[in-house]
């Protein structure tokens, strides 16, 4: 492939700076404020987030997942426990989340520890999903090679269209990421972006402004 130079790609960011006085002492409450504003401003899925994990081989891996629940206990997402990310989380339960909202000119980075949620919580969410989604999750061997897409689609269709109950498989469920660090970024003019890092100190959060 011929080299493509992208040096000239630039955009202007928000002329309104972010001050420490604008922040909440509780990063979960600040996240909630920004998330609600993103829901109004973003054209895409505001709950889409990058999940980054590292297994025993120390090779980082990132992918998009959807945030399905959040509280001051953490951020919940669902997946196949036998998938690549599931295997990495089994080997190393530390992970990072990234929300990027380009229309809002903001991003939020979160680092923390990840654990499985209860079976009852996973069952509750699984039952709320469309029948086709439940069928796909029950049949998919996520991250494994797929030889015939048409055959897999046919299996999903057959399972979703009959009256048989589709139970949550034991290899599928939810995780909660419990933060130890937040970083809130807002784009600024002339690349003078605003960045604030929250780190946990006992029951309190310490706030530090970072260089852009």
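A few remarks follow.
- Each of 49, 64 has some number of other Cβ atoms within 10 Å of its Cβ, and from fewest to most they run 64, 49.
- In the chain, the longest principal axis of the Cα atoms and the axis of helix 119-128 are about 80 degrees apart.
- Highest-MSF residue in the chain out of 187, 170, 112 [GNM, Cα springs under 10 Å]: 170
- Spatial separation of Cα centroids for the stretch 79-101 and the stretch 151-212, in angstrom: 9
- Each helix, a run of at least 4 DSSP H residues, gives -39500 (n - 2.57); summed and divided by the residues of the chain, these come to -8000 deg cm²/dmol at 222 nm.
- Net lengthening on full extension, residue 146/residue 5 (0.36 nm per residue, minus Cα-Cα): 47.2 nm
- The stretch 1-102: radius of gyration and largest Cα-Cα distance (Dmax), Å: 17.3, 49
- When the Cα convex hull of the stretch 81-135 is projected onto planes of every orientation, the mean area is 5.7 nm².
- Structure remark: mean-square fluctuation, Gaussian network model of the chain, C-alpha springs under 10 Å; the largest value among 150, 91, 183 belongs to 150.
- Entry for the chain at q = 0.09, 0.17 Å⁻¹: log10 I(q)/I(0) = -0.46, -1.23, Debye formula applied to identical alpha-carbon scatterers, no solvent contribution.
- Ranked list, fewest to most other Cβ atoms within 10 Å of each Cβ, for 50, 114: 50, 114
- Helix 27-41 axis, angle to the chain major axis (alpha carbon atoms, nearest 10°): 80
The numbers here are math on the coordinates, done by the rules we state, and not lab data. Note that the structure is predicted; figures quoted are calculated from it, not measured. For neighbour counting, all protein chains shown are included, and Cβ atoms are generated from backbone atoms with ideal geometry for every residue, glycine included.
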